[in-house]
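*Asks:* The structure is given below, and queries will be raised subsequently.
The values are calculated or read from the model by the stated rules, or taken from the named source; none is laboratory data. Since the model is a prediction, treat every value here as computed from it, not as a measurement. Cβ placement follows ideal geometry from the backbone for every residue including glycine, while neighbour counts extend to all protein chains displayed.
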Amino acid sequence: MQNNCIINVENSINSGQVFLWRKNGKNWYGVNGQDILKITDSGNIKSYQNVKADFFRKKDNIAKIIKSISKDKVTKKAVKQYLGLRILEQDPFQCLISFIVSSNSNIQKIKNSLEDISKKFGVKVKFENQEFFLFPKPERLANASIDEIKSCGVGYRARFIKEAAKITVKEQIDFEYLKRCSYHEAKKEICQIPGVGNKVSDCILLFSLNKLESFPLDRWMIRILEKYYSDKFHLETKTITEKQYEMLHEKIVNHFGPFAGYAQQFLFKMERENYQKKWL
DNA sequence: CCAAGGCCTGAATG
DNA sequence: ACATTCAGGCCTT
């Protein structure tokens with residue numbers, strides 16, 4: 001019971017949720033929208049803007065969640081192995097752009113691109129004697145040229161980024177509303193944004209909009225399902241169509257329950273570690 | 001509704 | 001060296 005309350009900062013940051021983070025000595029520093037966060041090894045957060053954000057989702061009853069998602073041997077093992085791994089609650093706009101950038105890419109490149117975007121369009125600040133660039137505001141990216149954005153190494157995603165920023169500025173998307181409404185409603189809304197499909201939207205919903213039943217199905221998760229859950233979720237085709245994705249997600253929520261997103265995060269972390277994949 | 005092909009980029013593979 | 005291939009997908013045909 002007590003053990004379940006521990007937060008493992010390292011595992012949480014190094015699990016493919018966030019990209020603009022670096023370790024300096026014992027402390028982690030990261031960009032979260034218009035804020036910079038410092039996390040000490042004991043898990044205390046200091047905010048550049050003095051904002052009290054629940055970055056580690058302490059509001060979640062983690063003991064209850066872990067009990068809820070531990071439906072089979074595989075998740076039980078993953079949860080035990082990476083106890084303290086948490087879903088992070090990020091700035092929604094940064095999260096949106098981050099996962100548009102992530103599509104058809106990999107962690108190192110995503111990190112590089114996002115760093116370039118911050119440097120080029122974000123405001124430089126000093127925090128604890130270190131230099132940081134805040135994540136650009138939607139207005140700044142909405143007004144940037146496609147070529148300027150492309151210079152950050154994002155290729156064809158540049159126009160998606162500009163368009164997503166424009167939609168945010170025009171308030172055609174309301175993150176505060178999306179935080180409150182249902183998973184399906186929020187998903188429908190956010191999939192309207194160009195460059196945001198099934199997988200990317202599930203990441204945004206899980207990591208910034210409070211939708212814990214969201215279960216991003218990327219290549220790794222599909223591989224994991226094939227490897228450990230072939231009896232429960234039979235996957236025949238190589239490419240997952242929209243309809244199949246939807247049906248698969250329904251089966252997944254039926255199995256793992258309303259906090260399926262946590263199960264996804266533990267499984268993803270476990271398998272990537274098994275293959276010794278690099279993080280930040 | 002499904003399948004196939006194209007897309008920026010850079011690190012890894014042959 | 002150089003050419004493929006591939007990587008946390010999405011969009012168009």
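*Asks:* Cβ-Cβ under 8 Å, sequence separation 6+ or interchain: first residue in region A:185-196 and closer than 15 Å to residue A:211 by Cα, partner surrounded by 22 or more Cβ atoms within 10 Å (Cβ to Cβ) and charged (D, E, K, R). Which pairs?
*Replies:* Matching pairs, first to second residue: A:186/A:211; A:187/A:202; A:187/A:211.
*Asks:* Somewhere in region A:235-250, is a residue more than 23 Å from residue A:110 (Cβ to Cβ), buried (at least 18 other Cβ atoms within 10 Å of the Cβ), of a type outside the set (D, E, K, R) and in contact (Cβ under 8 Å) with a residue 24 or more places away in the chain? Let's see the steps before the verdict.
*Replies:* Within region A:235-250, the subset more than 23 Å from residue A:110 (Cβ to Cβ) is A:235-238, A:241-244, A:246-250.
Next, from what is left, pick out any that are buried (at least 18 other Cβ atoms within 10 Å of the Cβ): A:248-249.
Restricting the remaining residues to those that are of a type outside the set (D, E, K, R) gives A:248-249.
Cutting the leftovers down to in contact (Cβ under 8 Å) with a residue 24 or more places away in the chain gives us A:248-249.
Within region A:235-250, one or more residues are more than 23 Å from residue A:110 (Cβ to Cβ), buried (at least 18 other Cβ atoms within 10 Å of the Cβ), of a type outside the set (D, E, K, R) and in contact (Cβ under 8 Å) with a residue 24 or more places away in the chain.
*Asks:* Take the residues in region A:123-150 that are under 22 Å from the mean Cα position of the chain (by Cα) and under 25 Å from residue A:25 (Cα atoms); name whichever of them is surrounded by the fewest Cβ atoms within 10 Å (Cβ to Cβ).
*Replies:* Looking at residues that are under 22 Å from the mean Cα position of the chain (by Cα) and under 25 Å from residue A:25 (Cα atoms), I get A:133.
*Asks:* Further question: For the subset of region A:232-250 comprising residues that are assigned to a helix (DSSP H, G or I) and in contact with a helix residue (DSSP H, G or I) (Cβ under 9 Å, 6 or more places away or on another chain), which member is nearest to residue A:88 (Cα to Cα)? Spell out the reasoning first.
*Replies:* So the first thing to find is which residues in region A:232-250 are assigned to a helix (DSSP H, G or I), and the list is A:242-250.
Now restrict to residues that are in contact with a helix residue (DSSP H, G or I) (Cβ under 9 Å, 6 or more places away or on another chain): A:242, A:245-246, A:248-249.
Values: A:242: 27, A:245: 24, A:246: 24, A:248: 24, A:249: 21 Å.
Here the answer is A:249.
*Asks:* Separate question: Spot the failing condition for residue A:43; the list is (1) on the phi > 0 side of the Ramachandran plot; (2) surrounded by fewer than 17 Cβ atoms within 10 Å (Cβ to Cβ); (3) modelled with pLDDT of 95 or more, and only one is missed.
*Replies:* Only one criterion in (1) on the phi > 0 side of the Ramachandran plot; (2) surrounded by fewer than 17 Cβ atoms within 10 Å (Cβ to Cβ); (3) modelled with pLDDT of 95 or more is unmet by residue A:43, namely (3).
*Asks:* Of everything in region A:102-119, what is within 13 Å of residue A:157 (Cβ to Cβ), within 8 Å of DNA strand C (Cβ to nearest atom) and either in contact (Cβ under 8 Å) with a residue 24 or more places away in the chain or not in a loop (DSSP other than H, G, I, E, B) (or both)? Give them in sequence order.
*Replies:* A:102, A:103, A:109, A:110 - these are the residues of region A:102-119 that are within 13 Å of residue A:157 (Cβ to Cβ), within 8 Å of DNA strand C (Cβ to nearest atom) and either in contact (Cβ under 8 Å) with a residue 24 or more places away in the chain or not in a loop (DSSP other than H, G, I, E, B) (or both).
*Asks:* Right, here's the next one. Looking at A:113, A:103, A:98, which is the one that is buried (at least 23 other Cβ atoms within 10 Å of the Cβ), of a type in the set (Ser, Thr, Tyr) and farther than 18 Å from residue A:55 by Cβ?
*Replies:* Sole residue among the options that is buried (at least 23 other Cβ atoms within 10 Å of the Cβ), of a type in the set (Ser, Thr, Tyr) and farther than 18 Å from residue A:55 by Cβ: A:113.
*Asks:* Next question. Would you check if there is a residue in region A:91-109 being closer than 24 Å to residue A:214 by Cβ and over 17 Å from the mean Cα position of the chain (by Cα)?
*Replies:* The answer is no, given that none of the residues of region A:91-109 is closer than 24 Å to residue A:214 by Cβ and over 17 Å from the mean Cα position of the chain (by Cα).
*Asks:* Tell me the residue from A:150, A:166 that is within 16 Å of DNA strand B (Cβ to nearest atom), closer than 23 Å to residue A:104 by Cβ and not acidic (Asp, Glu), please.
*Replies:* Numbers: A:166 fails: within 16 Å of DNA strand B (Cβ to nearest atom).
After ruling out the rest, the residue left standing is A:150.
*Asks:* Does region A:120-176 hold any residues that are closer than 16 Å to residue A:193 by Cβ and in a loop (DSSP other than H, G, I, E, B), and which are they?
*Replies:* Keep residues of region A:120-176 that are closer than 16 Å to residue A:193 by Cβ, which gives A:138, A:141-142, A:149, A:154, A:156-175.
Passing the criteria: A:170, A:171, A:172, A:173, A:174.
*Asks:* Among what's in region A:120-132 and is more than 29 Å from residue A:189 (Cβ to Cβ) and not aliphatic (A, V, I, L, M), pick the residue that is nearest to DNA strand C (Cβ to nearest atom). Even if it seems obvious, please write down each step before you answer.
*Replies:* First, pick out the residues of region A:120-132 that are more than 29 Å from residue A:189 (Cβ to Cβ): A:124-132.
Those still in the list that are not aliphatic (A, V, I, L, M) too: A:124, A:126-132.
Values: A:124: 26, A:126: 29, A:127: 25, A:128: 26, A:129: 29, A:130: 24, A:131: 25, A:132: 21 Å.
Checking each candidate, the answer is A:132.
*Asks:* Taking the condition of being farther than 20 Å from residue A:212 by Cα and either out of contact with any helix residue (DSSP H, G or I) (no Cβ under 6 Å at 6 or more places or on another chain) or part of a loop (DSSP other than H, G, I, E, B) (or both), how many residues in region A:263-280 meet it? Please lay out each step first, then the result.
*Replies:* Taking region A:263-280 as the starting set, the residues that turn out to be farther than 20 Å from residue A:212 by Cα are A:271-280.
From what is left, the residues that are either out of contact with any helix residue (DSSP H, G or I) (no Cβ under 6 Å at 6 or more places or on another chain) or part of a loop (DSSP other than H, G, I, E, B) (or both) are A:272-280.
Looking only at that region, the number is 9.
*Asks:* I would also like to ask the following. Restricting the search to region A:194-205, which residues are away from DNA strand B (no atom under 16 Å from the Cβ) and closer than 23 Å to residue A:140 by Cβ?
*Replies:* Residues satisfying the conditions are A:203, A:204.
*Asks:* Pick from region A:251-262 the residues that are in contact (Cβ under 8 Å) with a residue 12 or more places away in the chain and part of a helix (DSSP H, G or I): which of them is farthest from DNA strand B (Cβ to nearest atom)?
*Replies:* Step one: of region A:251-262, the residues in contact (Cβ under 8 Å) with a residue 12 or more places away in the chain are A:251-253, A:255-262.
Now narrow it down to the ones that are part of a helix (DSSP H, G or I): A:251-253, A:255-256, A:260-262.
On the way: A:251: 15, A:252: 17, A:253: 19, A:255: 21, A:256: 23, A:260: 22, A:261: 24, A:262: 28 Å.
Among them, the one singled out is A:262.
*Asks:* For region A:202-231, give me each residue that is under 25 Å from residue A:60 (Cβ atoms), assigned to a loop (DSSP other than H, G, I, E, B), of a type outside the set (Phe, Trp, Tyr) and more than 9 Å from DNA strand C (Cβ to nearest atom).
*Replies:* Within region A:202-231, A:209, A:210, A:211, A:212, A:213, A:214 qualify.
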